[in-house]
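First comes the structure, then the notes that go with it.
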Amino acid sequence: MVSRVQLPPEIQLAQRLAGNEQVTRDRAVRKLRKYIVARTQRAADGFTHDELLKVWKGLFYCMWMQDKPLLQEELGRTISQLIHAFQTTEAQHLFLQAFWQTMNREWTGIDRLRLDKFYMLMRMVLNESLKVLKMQGWEERQIEQLLELLTTEILHPSSQAPHGVKSHFIEIFLEELSKVGAEELTADQNLKFIDPFCRIAARTKDSLVLNNITRGIFETIVEQAPLAIEDLLNELDTQDDDAASDSDESSEGGGRGDTLPGKRSQRPPAGSLCKTEPEAGEEQAGDDRDSGGPVLQFDYEAVANRLFEMASRQSTPSQNRKRLYKVIRKLQDLAGGEDEPMVAFSGSWGLAVLSGKGEKEPSSPGMERKRSRRRRERAHPEVRAEAAEQPGTAERALLQEQPRGRGQRGARQRRRMPHARARAKVPSVQEPEKKKKRRE
């Protein structure tokens, strides 16, 4: 008898992960987690890149075979949390690299009915990879390694990532980063996270990638600026309240006069965007607002300078430069705020990003006349007719030149009516001559 060849454990697990029975697949996932923990505890017996590719192929088809949305979500969470079973950072990076390479290889074979669960799996794996950085204290070296891996496997022009993988990754990156680290990350760290997108946006020749990065990263930062400013002001208000409460506690028992400064300190400073006691209408507006949690804080001037540094290079295509310069102007408006207030919208509501002084510059008389004309043009027809009857106004000639509809005929059209009738009677003069020719 010929003895059977013993297959490697990775292949055996991959075969069970892609089995037809759900019980077999669930049992294989649990065994895989235990195998990863036991294998990575010893530094000498770490996984190779090829072995992790085989494991991920089994996990991919395990997700492929899973139906029902709730079970898909549970399985996706279980698969994405396997990264925490690895004991070393190098093994975790190999695990992530094998995942993105598997998605790039298998993406074209996914039908439209299964796209949603693999979109969800990509989101969960990215979220767990960012949680690994959070557990490590957002170390600079670890951040650089993860960003280099993601850039090489997804964003770089030489990568094998399809447009679907690139577009979805760009779309969910800031959202997942804000979920994990919005309360801890500083503006400098956030700038480091978006630095690969700045480089790719200035370098790529793919208009689709440029459009996705511009809309999914930079314009999202601009749209979330009111939310970021509001979170910052709320944080400052809470710090002031804490300081005021501490001062009250320290001065407790000093009499009635000692409590007055504490009450004064609760008032917001002049020009503040927040109030300590909102009115009923403001509370209702706050309830209608989208409560999406904290947002990332950015130094808009630093982001604009970094984008300008990349876009102003000679190697940057002109199309990319024009698109990035538009984003740079918006970021400079947010950073400077010296001109008129700029309104940025997030979702269905918006907040005005006020300038430092909060005052508009006085406009010239010519601009006032143009604005008054535009207001009168938008006004009711009776208002326009009354403005036209006033002598010496510039709107009179403008209203006479505008075409009038039915029921709004002016004196000028009534003057033209006799001419129109006279022209209509001209053919009747030639009728006797036609009759003579017929008789002849």
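The simple Förster model, with R0 at 25 Å and r as the Cβ-Cβ distance, assigns Leu7 and Glu106 a FRET efficiency of 0.70. Looking at the range 1-149, the accessible area is 55 square angstrom per residue; that uses a 1.4 Å probe and ignores ligands, DNA and RNA.
When peptides 23-34, 53-64 are sorted by average Cβ neighbour count within 10 Å, with the highest value leading, the order is 53-64, 23-34.
Here's the picture: a label point sits 7 Å out from the Cα of Glu171 along the beta-carbon direction, and within the range 194-210 the residues with their amide nitrogen under 16 Å of it are 208-210.
Taking label points 7 Å from Cα along the Cα-to-Cβ direction, Arg141 and Lys205 give a separation of 3.8 nm. Between Glu184 and Arg329, the C-beta separation translates, for a Förster distance of 41 Å, into a calculated FRET efficiency of about 0.85.
Each Cα pair under 8 Å and six or more residues apart adds its sequence gap; the mean of these over the residue count of the range 9-140 is a relative contact order of 27 percent. With Cα atoms defining each centre, the range 13-82 and the range 122-201 are spaced 24 Å apart in the structure.
The accessible surface of the range 9-140, taken with every protein chain in place and a 1.4 Å probe, is 50 percent carbon and sulfur.
So which of Lys117/Lys330; Lys68/Lys179; Lys31/Lys131 end up more than 29 Å apart by C-alpha?
Values: Lys117/Lys330 36 Å; Lys68/Lys179 26 Å; Lys31/Lys131 24 Å.
Correct reply: Lys117/Lys330.
With the convex hull of the Cα atoms taken as the outline of the range 9-140, the averaged projected area works out to 8.1 nm².
At a temperature of 20 °C and a viscosity of 1.002 mPa s, determine how fast the range 151-225 diffuses translationally according to Stokes-Einstein, using the Kirkwood radius over alpha-carbon pairs as Rh; express D in µm²/s, rounded to the nearest whole number.
Working: Rh = 12.8 Å.
Diffusion coefficient, whole number: 168 µm²/s.
The values are calculated or read from the model by the stated rules, or taken from the named source; none is laboratory data. Since this is a predicted model, take the numbers as computed values, not measurements. Because the Cβ atoms are built from the backbone with ideal geometry, glycine has one as well, and the counts that use them run over all protein chains shown. Areas reflect the complete protein model, heavy atoms only, side chains present, ligands, DNA and RNA absent. Shrake-Rupley method; radii C 1.70, N 1.55, O 1.52, S 1.80 Å.
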